[in-house]
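Down below is the structure, laid out as structure tokens.
The values are calculated or read from the model by the stated rules, or taken from the named source; none is laboratory data. Because the structure is a prediction, the values reported are computed rather than measured. With ideal geometry, Cβ positions are generated from the backbone for all residues, glycine too; neighbour counts draw on all protein chains shown. Side chains are part of the model used for accessible areas, which takes the heavy atoms of the whole protein and leaves out ligands, DNA and RNA. Shrake-Rupley method; radii C 1.70, N 1.55, O 1.52, S 1.80 Å.
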Amino acid sequence: MPRPDGITLPVQLVVEGNDQRNFLGKFMERMSLTGVQIQNFGGVTELRAFLAALANEPEFDDVVERLGIVRDAETNAEGAFESVQHSLRNAGLPIPERPEEFAKGQPAVSVLILPGGGRAGMLETLVCESFAGDPVDDCIDEFFECIDKGSIRNPDKARVFAYLTTTSGPHHSVGVAAQQGQWDLDHPAFDAVRRFLDELASGAQTAGTLGARSK
Amino acid sequence: MAVTEVTAPDAPVAQQASGMLESVRIRNFRGLKDLQIKGLGRINLFAGRNNSGKTALLEALSLLAGAGWPNLAFHRPVARGADVLAEVENTPGSEVSAVTIRESLWKPMFHGFDLRGRIAVEAQHSKLGNLSLFVEFARKKNVEITIGNLGGKSVAQLQDTLGFVYTSGETGRVTSQAFLDDKSQPQAVYTGDSDADFNLPFPSAHVSTRGLGHLQDARSLGEVRRRKQGDRVLGALRIIDPRLESIEENTSSGVPMIWGDIGFDELVPLSAMGEGMARAARLFIALIHIKGGIVMVDEIENGFHHSVVPKVWEAIDEMSQEFGVQVFATTHSYECVESAYEALGEKGLVLHRLESKEAGNRCVTYTSEALRGALRHNLEVR
């Protein structure tokens, strides 16, 4: 296994899985945001231990000014946010009172529960909204009607996978597809993500404009 | 590698204790202005950058384990510059002076090289309660002292002295001094009502990277074999070299040494079997010999191929459990931390990281959860 990179930038973005890592990495590139170090905490059951370890990293206290955490709401956005709060408390980190609002402290901490706005869902929910109305989406509706719609356990993921099969050079991963430029990242469906990342990256005070928009 | 034990022939006898150190606070010792460590476990691994105080921590623990044994003022590991004594003795026309002792051995022991300070090592032991060891430098002349082990009073013209005060519930207050007498000879005496016949609270061994004493090694192995634990050492050493068929101590070379049978026509001295073998031998012997005590190992991964490190940790775990030994080890290696975790699990290993910054010294002790998270996600811990 390669040796750890350690804390290298004052703005840390901690995300749930490689899909979010790839997707949000591409999103920040689209927004020309630099100076953000993205780390993958692996899954919702891993967040607590990950944050405890992250807060203990050698450079954390001296370097990190802003910390953003992103995870899916799944079926319960409120429960998901509370779970993140518990993990932050366990790690001795500042705890925001509401999603998408920064908790002041060292570091300042904010949490985004996808798809945002207190709704249930996930990253794929936003992606589906971004291509809603596309003629392909109507075909997917018919496809779902054709198969037993009730048998689809995760309709948003299934819709995204189905959509991707219609693209050139399809990849099943929503994150890799983002890297390939398959999604319209300027779509209003992603406004919450855009605001979150902008606020996260823009607030760092480190000299040298780390965590700012590149010119 | 040397195993420096406070249970050297002229040291007080160590009783075998049960329990272990739970916390320690070190002040004014070398680079440690004020370091507190809590949550000590059975096996403690210390990481941290260079000059973060890892080696100083081990030396401070040796100091505490010595319980005021004043000879520590002239010997490694506590007196890190003790090599200069041998160098001076081997240099024609040179002699050890008070200046040599003060400047090379004692002043570096004090934080900021300030002899006006007081070194303090305090600990909480699960069975023995509070333990404390204070060390102060003083310049005294024509001081009348009571030298307990000589049975009477004596007037000595002292120069620089290093005074020790050890306190515990078991021993009460023990005071001692180290100094050069008027013939420039190192002296180490118990003072006041202190009696050198008291028992050390627990045995200890400092397993360092320096080579020193064949005699010490042979004596320790002999003690282990006397306890019928020689096969344990042999079995553990086969981790390093499966060819090893036996080890023994003998004086065939003129001095007591450890020899091993690795299938050649003759036995091979331990020192010729490679650094890893020599290091492992001294470590495993110490773990058995220092029953109920503490063993300190600096840069524990040195000399071991990465492929054997996990098994070395397994052996350390087994022996420390069986013989009730508390282990304090340091490392620079992420791989070593991973191997220790793999062998001991999150319940058996306590990882600490020492930090030394302008604001002072700090010890970050990982919870088992944080350690699991760090290693699973490849986060930095050193």
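Pairing each residue of region B:292-310 that is on the phi > 0 side of the Ramachandran plot and of a type outside the set (Gly, Ala, Ser) with any residue that is open to solvent by less than 20 Å² (accessible area, probe 1.4 Å) and part of a strand (DSSP E or B), provided the two are 6+ apart or on different chains, yields C-beta distances under 7 Å for B:Glu299/B:Thr330.
Considering (1) among the aliphatic types (A, V, I, L, M); (2) farther than 30 Å from B:Arg27 by Cα; (3) touching a residue at least 12 places away in the same chain (Cβ under 8 Å), the lone condition that B:Val327 does not fulfil carries the number (2).
Only one of the numbered conditions (1) in a helix (DSSP H, G or I); (2) modelled with pLDDT of 95 or more; (3) more than 24 Å from A:Gln12 (Cα to Cα) is violated by A:Leu126, and that is (3).
Tell me, which helices (runs of 4 or more DSSP H) wholly within region A:1-110 include 1 or more residues that are within 13 Å of chain B (Cβ to nearest Cβ) and closer than 25 Å to B:Val364 by Cα? Before the answer, list the steps.
Details: elements: A:17-30, A:47-56, A:60-63, A:77-90.
Once the helices (runs of 4 or more DSSP H) in region A:1-110 are filtered for at least 1 residues that are within 13 Å of chain B (Cβ to nearest Cβ) and closer than 25 Å to B:Val364 by Cα, what remains is A:47-56, A:60-63, A:77-90.
For region B:346-370, how many residues meet the condition of being free of Cβ contacts under 8 Å to residues at least 12 places away in the same chain and facing chain A (nearest Cβ under 9 Å)? Qualifying residue count, region B:346-370: 3. Any residue at all in region B:305-316 that's under 24 Å from B:Arg49 (Cα atoms), open to solvent by 20 Å² or more (accessible area, probe 1.4 Å) and away from every other protein chain (no Cβ under 14 Å)? Yes: one or more hits. Scanning region B:77-128 for residues being surrounded by 17 or more Cβ atoms within 10 Å (Cβ to Cβ), assigned to a loop (DSSP other than H, G, I, E, B), touching a Ser or Thr at 6+ places or on another chain (Cβ under 7 Å) and in contact (Cβ under 8 Å) with a residue 60 or more places away in the chain gives a total of 3.
Would you mind stating whether A:Ala103 is on the phi < 0 side of the Ramachandran plot, surrounded by fewer than 21 Cβ atoms within 10 Å (Cβ to Cβ) and in contact with a strand residue (DSSP E or B) (Cβ under 7 Å, 6 or more places away or on another chain)? Yes; evaluated as a whole, the condition is true for this residue. The residue list B:Ala343, B:Ala374 contains one member that is more than 21 Å from B:Val24 (Cβ to Cβ), assigned to a helix (DSSP H, G or I) and at the interface with chain A (Cβ under 9 Å from one of its Cβ atoms), which is B:Ala374.
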